[in-house]
1. Between the stretch 442-499 and the stretch 326-359, what's the alpha-carbon centroid distance in Å?
2. Would the stretch 349-392 count as rounded, prolate or oblate if I go by the C-alpha gyration tensor, calling it rounded below 1.5 in a/c and otherwise prolate when a/b exceeds b/c, oblate otherwise?
3. When a/c is below 1.5 the answer is rounded, else prolate if a/b is larger than b/c, else oblate, so apply that to the stretch 101-151 with a ≥ b ≥ c taken from the square roots of the Cα gyration tensor eigenvalues.
4. Let's test this: bin the Cα-Cα distances of the stretch 690-736 at 10 Å from zero up to the farthest pair and state each bin's percent.
5. How would Ile419, Ile350, Ile163 rank on accessible area, largest to smallest, probe 1.4 Å?
6. Two decimals, Cα atoms only, Kirkwood Rh: what is Rg/Rh over the stretch 483-573?
7. Could you work out the relative contact order of the chain, using alpha carbon pairs under 8 angstrom and six or more residues apart, expressed as a whole percent?
8. Where does each of 394-404, 551-561, 492-502 land if you order them by average Cβ count within 10 Å, highest first?
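The values are calculated or read from the model by the stated rules, or taken from the named source; none is laboratory data. From a predicted model like this one, the values you see are computed outputs, not experimental measurements. All Cβ positions, even for glycine, are placed from backbone atoms using ideal geometry, and neighbour counts span all protein chains on display. The accessibility values were calculated without ligands, DNA or RNA, using every heavy atom of the protein model including side chains. Shrake-Rupley method; radii C 1.70, N 1.55, O 1.52, S 1.80 Å.
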Amino acid sequence: MSKSYNTERTELVDKLVTEGILTRQQALAALQENENSFPIDKVIIRQTGADPEILAKALARLVGVNYEDISLTEVSHPIVDAFGIPSMHVTVVDPIQYSAARLISPEIAQSLNALPIRLDHEKVVVAFVDPLFESAKNKLELILGSPIIPVLTTQSMLEEGIIRSLRRPKLGEALLLAGIITKNQFHDALDYSRKTNVHLRVALLYKDYISEDDLYKFLAKRENLPLVDISETPVDENAARLLESSFERTNNILPVAVENDYVVLALTDADNQEGFNQAEAHLDVPCRKALIKPSDFNYAMEKLYSQDYIDESIFTLMERSPEDSAYHVLETNQIFLLIIFVLLSLVLLIYSPNQYLIFINALITAFYLGFSIYKFKLIFKSISGSLEIPVSDQEVADLKDSELPIYTILVPVHREAAILPDILKSLEMIDYPEVRLDILVLMEEDDLATLQKFDEIDPPRFIQKVIVPNKEPRTKPKACNYGLIHARGEYIVIYDAEDLPDPDQLKKVVIAFSKAPKDVACIQAKLNYYNRKQNILTEWFTIEYSMWFDLLLPGLDSEQAPIPLGGTSNHFKKSLLLMSGAWDPHNVTEDADLGIRLFKQGYRTRIVDSTTYEEANSQFNNWIRQRSRWMKGYIQTWLVHMRHPIRMIKEIGFKNFVSFQFIVGGTPFTALMNPIYWIMTILWIVAEPEFINRLYPTIVFLMGAVCMYVGVFVFTYINIAGTMRRGYFDMVKVAVFSSLYWALSSIASWKGLIQLVFKPHFWEKTIHGLYIKPVDENNTKEVKKA
């Protein structure tokens, strides 16, 4: 640079020292920095951390020019509406005259770090950032052919002004200048979009600063594209089906018409050039863009493909892996083996009844003993330490919203109009960025009361309804499969209607997945009940869940054994869930079945220490309905995966095969056998009939005695252990008498078995909302204390 510039620079720095803006040490550093290659304002800001606006004003005063704020400003002025009511109207004013700014090119403005901002008679007012602007001023006067009035502004204001006036304004600025949003709304939405890493238009919609109609009308005009209005122009179904529906939904692109020699592709995002190019390449004909609102896109897709979706929800697993489907209760080979077993049993009962019954009794007793010992081993291992994936509160706090994946929550509801407000309220309590939540409330087409209630509530944008078409089977897994087709998330979780998950559960699972190996397809959260003290039935139910989810499942996890999933709060990687065939719509415990199927395919399930609180059944008949369905489903699941036992052993190994027999087969089997042995015990005590004595030769009697004492001890012990692990010390005395609860399970098991024969796919509805929460029970923290 020239000597005169260096002299001016030194003089200006001396003035700044005199004014107290710089210290002598900072001044020397500023003069020496990088051999004077940076503008003085940048050097000073770097050295002092000074506020750019305050510094620019001080520099303007020292060099004898004006300072100007060239950012967009809001101006309020009074108006009177059609009813004669006065109010203030806010408009946005741009101090830059575009006619003046466009006297130079963007390249010149950037190179000289200057921008003409208005005309003043025959002179041009130009904003500079560098107070030593003489060289740039002389160059501009030659370019413009007019004298210049220099003013100073800040670097950020100048850069924004160049973009605004010489380049295409960004969406937010364009909306601001059009008076559609306010300056505060713009900055708030911009901050939200940066924080959550979403497009500004999405942030504006989620903040409710603009309606979808107004936004897309503006976008269509801005992009010079037609806006597809499906209320006026129906989508051409033949055109729509030119692309695969999965591609259309993934890319938010829909062919809406074929006109002359081109196809009209409607996009929800005009900038999705990659998706447009892929569609055009697939169609192999010229295409033209149009815009479509996301709500119209979803409506059109549902109208076009709802029957395709419902067929996919029902038949995907049957077509991909028919032997894993519970559509048939028994396969041909199983029916054949059952017939052989029955015939052989009849023959043996006729020719050698004592020996045969002793043999069967010995097998059952041995199985029961092994079942008890195995459960005790798992529980004891869990008591010894924490076996879940560790996730700390600090790790949750350190998560950044911008790095979180989109999370889909599927909430199947059926005839839940009465409790729907509570359901939606609990979903809004989840601690996760709204813009990254994809909550789908799955409702049956004929459930008009629940649909009407949802519309009346009009929940936030991140909670959407999905209407499941009427078609048998009428089951929760069919609804979940239908919702999965609509899911946008990288992760998927199921919550039941009455669920209250820990607010930070999704964040904990994101961390847990990041720590887990790639073969982990599912992370199961723990389940428990918020109405545990309602009556003795809810206490027993809570004791059972505390044992199952706090001790048994972590024990299975530590053994790397197959885990039958709980009916809710199982979090999946969407990609692996789809590869597995998702849920079996014909299995009434689709969760347990899916857990086994994932394991057979080489995937694992892990446990995380986060709890979802549910409503425990407090009425006997309602509890029996629910438990009979669970037991029926466990029997279904056992029958499905035992169609080829040798193959299953090869797939999962003998040890895991035994675990499957004990946990999935043993749970309903022991419940079915319990009343038979209880009756035999009572008969023996009362009458000592000879036929019972004959069933128990010495070795079998010893096994039976051990089994009885071990079984009673184990099941009482594990219930007490689960209760204490959960911290419900006041319920230990109730756990001692939980053997009475087993009798209820046996009743439900026999009902489930009978129903499996006559109504294998019937989904017995569980009534929710029987518990009225106390007025002070308004958040999860209080629920935990309930």
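1. Centre-to-centre distance over Cα atoms comes out at 44 Å.
2. It comes out prolate by the Cα gyration axes.
3. Here the stretch 101-151 falls in the rounded category.
4. In order of increasing distance, the bins hold 26, 31, 20, 17, 6 percent.
5. The ranking, largest first, comes out as Ile350, Ile163, Ile419.
6. Using only Cα positions, Rg/Rh for the stretch 483-573 is 0.99.
7. Computed over the chain, the figure is 11 percent.
8. By packing density, highest mean first, the sequence is 492-502, 551-561, 394-404.
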